[in-house]
1. Measuring from a point 7 Å past the Cα of residue 1 along Cα-to-C-beta, which residues in the range 86-127 have an amide N at less than 15 Å?
2. Using only DSSP helix segments of four residues or longer, with each worth -39500 (n - 2.57), what per-residue ellipticity at 222 nm results for the chain after dividing by its residue count and rounding to 500?
3. Determine how many Å³ per residue the convex hull of the Cα atoms of the range 49-173 encloses.
4. With a Förster radius of 22 Å, plug the Cβ-Cβ distance of residue 89 and residue 39 into 1/(1 + (r/R0)^6) and report the FRET value to the nearest 0.05.
5. For the range 6-75, run through the GluC sites (Glu not before Pro) and keep only the ones in DSSP coil with at most 12 other Cβ atoms within 10 Å of their Cβ.
6. List the pairs from 117/163; 35/151; 48/117; 35/117; 163/186 whose alpha-carbon separation is above 24 Å, in the order I gave them.
7. Scanning the chain for helices, which whole DSSP H stretches are 20 Å or more long along the axis (Cα) and average -1.0 or more by Kyte-Doolittle?
8. Please say if the range 57-120 is rounded, prolate or oblate, where rounded means a/c under 1.5 for a ≥ b ≥ c the square roots of the C-alpha gyration tensor eigenvalues, and otherwise the choice is prolate for a/b larger than b/c and oblate otherwise?
Amino acid sequence: MTNQEKIASYLEKFVHLTENEIIEFTSRFKEIRVKKRQFIVQPDFVPKSRYFVIKGALRAYVVGDEGKDHTIQFAIEDWWISDYDSYIHQQPASMFVVALEDCILMQISFEDEQTLKALNHKFETFFRYKSELSTAFLQRRIITNLTKSAKERYDIFTESFPKLVQRVPQYALASYLGITTQFLSKIRNLKPVPNKS
């Protein structure tokens with residue numbers, strides 16, 4: 001299966017397209033290969049594209065005034081990534097997006113995305129649906145961070161993304177969960193308490 005076909009297969013999960021519509025949509029994407037530790041978004045530069053992950057893993061993060069970094073998002077196969085606030089408003093980025101592994105990405109430019117949305121309501125429906133899912137996920141994450149303990153946040157993450165846990169560095173996962181790497185190690189080493197009832 002080509003990378004264009006992989007995007008088409010992903011797209012079909014959300015909207016039904018004709019063959020010509022699939023060709024129109026996928027032709028707007030360009031394949032890029034990114035090496036581990038390479039940045040695709042950096043602060044102060046306007047992100048011109050968003051990225052669909054064919055292969056690999058990436059991390060988006062910000063660095064606070066105190067010099068500590070905070071992981072905002074991970075992305076693996078069939079996920080999207082960019083600095084969305086900056087991408088949508090076409091203003092300088094506040095985040096770094098870096099490859100955690102060697103990656104194959106399909107890149108679409110801001111201009112091509114806008115063109116697709118204007119061309120066909122199905123394309124607009126797809127992007128809107130993706131935005132709605134992202135907003136719902138972000139809300140769940142905020143609520144979890146505000147109402148759950150560190151151990152509960154870790155358990156929720158590992159249950160939701162078991163494959164991702166094995167692929168991201170411990171420091172990055174700790175940063176995503178809002179805890180130190182030392183505390184994450186303690187959580188991972190906790191043994192379940194036997195049920196005495």
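Every read-out reported here was derived from the displayed coordinates using simple, explicitly stated rules and does not represent laboratory data. Note that this is a predicted model, so its numbers are computed, not measured. Note: ideal-geometry Cβ built from the backbone for every residue, glycine included; neighbour counts use all protein chains shown.
1. Inside the label zone: 106.
2. Values: 9 runs with 92 residues, N = 197.
Result for the chain: -14000 deg cm²/dmol, rounded to the nearest 500.
3. Working: hull volume 15.6 nm³, N = 125.
Spelled out: Cα convex hull of the range 49-173, divided by residues, is 125 Å³.
4. 0.65
5. Those satisfying the criteria are 12, 66.
6. 117/163; 35/151; 35/117
7. Details: long enough: 121-147 (39 Å, -0.40).
Counting only whole DSSP H runs, the qualifying helices are 121-147.
8. oblate
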